[in-house]
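One structure below.
The values are calculated or read from the model by the stated rules, or taken from the named source; none is laboratory data. Keep in mind that what you see is a predicted model, and the values were worked out from it rather than measured. Here the Cβ is made from the backbone with ideal geometry for all residues, glycine too, and neighbour counts use every protein chain on show.
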Amino acid sequence: MLERITNGRNGLWLSLALMLLLAMPGFFSLPPVDRDEVLFSQASRQMLASGDFVDIRFADGPRYKKPVGIYWLQAASSAISGQPDQIWSYRLVSLLGAMIAVGFTWGIARLVMPAEFAVLAAVTLAASLLMGAEARLATTDAMLLAATMAGQYVLARGFLPLGRGQKPDLSLSLAVGFWVAQAGAILIKGPIGPMVALFTLAGICATRRDFAVLRALRPIWGVMLLLALVVPWFAAISVKSDGAFWAASLGRDMIEKIGSAKENHGAPPGTYLALVWITFWPGSMLLAAGLPALWRGRREAVLQFAANWIIPTWIVFELTATKLVHYVLPTYPMLAILVVWAFWKLRGRGWLAALPGALPLVLLAAVWVEAGKLGAVLPMGFWAGALTLVAALGLILWAYRRGAPMPLAFALAAGGMTLSGTVYPTLARLDLLWPAKPIAAIAAAHPGCGLTVAGYSEPSLVFLTANRVKFVSSAEAFQAFQLPGCQVIVAPKADLTNANKPVGPFGVSINRVMGLDLGSGRPVDLYVYLKE
């Protein structure tokens with residue numbers, strides 16, 4: 001039975017189905033997550049509404065931090081879904097990217113291991129905490145991973161399974177696919193995807209001591225194709241923005257992040273090495289168990305390919321001053337293949353798998369503590385999920401000791417599903433985390449009124465109010481009472497007092513919004529006033 005569902009392409013479809021299933025908890029119910037997700041989705045929404053597919057704008061200003069690819073894709077998914085006001089319509093791009101990345105992970109794994117182990121590698125990536133998070137967020141990283149993996153698959157076809165002995169006869173379609181993938185990665189997030197490919201290709205050439213794989217990629221024609229795909233938009237935005245795109249994207253967004261910590265996201269080298277045990281979970285259990293085996297097999301072709309892929313990319317991000325948890329995601333597919341290869345070939349020390357096993361319970365404990373600080377009561381589903389997670393840990397350890405790949409694949413999927421099914425629906429139900437929701441609801445109840453907000457400027461409010469909100473300072477919030485017509489004014493009460501001028505004569509207090517500003521981590525205590 002298990003052989004039948006993994007033979008041929010059946011294993012691929014099974015892997016994709018499990019990725020889809022694993023992404024569902026919270027996908028539709030999780031409100032817009034502040035900052036990056038809303039910045040991308042709202043800019044895509046405005047692009048679709050305006051019909052201008054060259055310029056990128058958020059609210060009334062330019063949004064020039066990333067190239068246009070992700071905005072095109074999100075605008076298309078929103079248009080196809082017919083739900084441009086729903087955040088999940090923009091998340092569909094990330095879900096698709098996650099599924100493509102899982103599919104190529106299966107494809108690369110299939111070059112070096114049997115079908116059922118290739119499924120296990122794909123599920124290891126799909127079940128990981130970081131992959132699950134990126135599949136639920138309308139940002140660039142899941143689709144960037146998809147483009148990166150398309151290119152890496154072609155390189156793998158040129159080097160695996162024999163390494164130096166592999167004859168790199170890449171077809172024209174594979175070579176074209178490689179360069180199209182690099183162009184897609186550039187249009188989505190600039191140089192990150194090509195950087196991974198360049199590191200890997202350089203390592204392959206050094207390992208083989210020849211340029212056969214590079215020649216098989218038809219580099220002259222390939223670079224010409226890449227330029228033909230990416231230059232038109234970059235030329236158009238250069239003219240449209242009068243060069244401002246380059247100053248914002250290369251200067252403020254990329255170069256400054258390399259040299260200094262931006263937006264309070266600085267951390268020392270070694271941070272990603274420490275985080276991998278939770279962000280790669282439950283695959284980190286296999287990683288812990290397989291480390292000794294991986295060292296013993298370091299001369300194998302798959303280990304050489306992985307080293308060329310993972311090590312230089314990882315070092316770059318460890319040395320980058322600004323650190324966001326998703327930066328090392330392009331290395332996780334190969335990490336998944338590595339740990340499963342170790343499980344298949346050399347087995348590992350099963351007791352080591354238990355060491356990172358309890359980390360999700362620590363994560364749930366942190367959610368409980370932070371919720372208590374906010375005065376929030378966790379739903380019963382959270383506690384039921386925590387108990388189920390304990391059972392899932394036992395199932396993973398049992399399946400690992402048994403040594404059968406498919407039981408282990410389903411055990412990992414059960415662990416990932418239990419963790420995501422506990423965390424994301426719980427977060428979605430904690431109203432204190434989403435102050436923008438009640439503000440947007442009040443604004444919707446007064447559709448003819450202006451909306452002015454001080455003391456809370458998260459982009460999610462722009463999305464939820466369809467760009468109706470006006471963010472102002474405290475002094476300007478008081479002045480909004482003087483504007484003609486109906487006005488909804490939101491601000492801390494002390495700001496609206498404005499010395500000895502009480503709010504009372506100008507408006508009526510209709511609500512109070514308390515919660516947490518996720519962007520800054522500061523508590524929010526806002527009063528909502530209505531001027532008829």
Complete set of residues in the range 279-299 that are within 23 Å of residue 326 (Cα to Cα) and surrounded by fewer than 17 Cβ atoms within 10 Å (Cβ to Cβ): 291
Within the range 79-137, which helices (runs of 4 or more DSSP H) (wholly inside it) include 1 or more residues that are more than 23 Å from residue 305 (Cβ to Cβ) and either in contact with a Ser or Thr (Cβ under 7 Å, 6 or more places away or on another chain) or modelled with pLDDT under 95 (or both)? 88-112, 129-135
Go through the residues of the range 335-345 one by one and say whether even a single one is under 30 Å from residue 292 (Cβ atoms) and in contact with a Phe, Trp or Tyr (Cβ under 6 Å, 6 or more places away or on another chain). yes
Number of the exception - residue 398 against (1) touching a residue at least 12 places away in the same chain (Cβ under 8 Å); (2) touching a Phe, Trp or Tyr at 6+ places or on another chain (Cβ under 9 Å); (3) within 19 Å of residue 343 (Cα to Cα); (4) not small (Gly, Ala, Ser): (2)
Restricting to the range 291-318, give me the number of residues that are without any contact (Cβ under 8 Å) to a residue 12 or more places away in the chain and either in a helix (DSSP H, G or I) or of a type outside the set (D, E, K, R) (or both). 3
Whether any residue in the range 446-453 is surrounded by 17 or more Cβ atoms within 10 Å (Cβ to Cβ) and at pLDDT below 85 is what I want to check. no
Single residue of the range 212-250 satisfying the filter (of a type in the set (Gly, Ala, Ser), surrounded by 16 or more Cβ atoms within 10 Å (Cβ to Cβ) and modelled with pLDDT of 95 or more) that is farthest from residue 66 (Cα to Cα): 212
Restricting the range 329-352 to residues that are crowded, with 24+ Cβ neighbours inside 10 Å and of a type in the set (Gly, Ala, Ser), which is farthest from the chain's Cα centre (by Cα)? 342
Can you report the number of residues in the range 163-176 which are surrounded by fewer than 16 Cβ atoms within 10 Å (Cβ to Cβ) and modelled with pLDDT of 95 or more? 3
Being farther than 26 Å from residue 99 by Cα and part of a helix (DSSP H, G or I) is true for just one of 339, 367. Which residue is that? 367
Identify, from the list 435, 407, the residue that is of a type outside the set (A, V, I, L, M) and over 30 Å from residue 289 (Cα atoms). 435
For the range 449-498, what are the residues that are over 37 Å from the mean Cα position of the chain (by Cα) and in a loop (DSSP other than H, G, I, E, B)? 483, 484, 485, 486, 498
Can you list residue pairs whose Cβ atoms sit under 7 Å apart, with the first residue in the range 229-242 being under 26 Å from residue 176 (Cα atoms) and the second being among the small types (Gly, Ala, Ser) and assigned to a helix (DSSP H, G or I)? Count only pairs 6 or more apart in sequence or on different chains. 229/183; 230/183
I need the full set of residues from the range 24-69 which are aromatic (Phe, Trp, Tyr), touching a Ser or Thr at 6+ places or on another chain (Cβ under 8 Å) and either more than 19 Å from residue 83 (Cα to Cα) or surrounded by fewer than 21 Cβ atoms within 10 Å (Cβ to Cβ) (or both), in order please. 64
Given the conditions (1) touching a Phe, Trp or Tyr at 6+ places or on another chain (Cβ under 6 Å); (2) part of a loop (DSSP other than H, G, I, E, B), and given that residue 327 satisfies all but one, which numbered condition is not satisfied? (2)
Answer yes or no: is there a residue in the range 258-267 that is among the acidic types (Asp, Glu) and modelled with pLDDT of 70 or more. no
Looking at the range 432-446, is at least one residue assigned to a loop (DSSP other than H, G, I, E, B), more than 21 Å from the chain's Cα centre (by Cα) and touching a residue at least 40 places away in the same chain (Cβ under 8 Å)? yes
Looking at the range 27-61 only, could you name the residues that are assigned to a loop (DSSP other than H, G, I, E, B), within 24 Å of residue 326 (Cα to Cα) and not acidic (Asp, Glu)? 27, 28, 29, 30, 31, 32, 33, 35, 56
Tell me whether the range 143-157 contains one or more residues that are of a type outside the set (Asp, Glu), touching a Phe, Trp or Tyr at 6+ places or on another chain (Cβ under 8 Å) and farther than 27 Å from residue 18 by Cβ. no
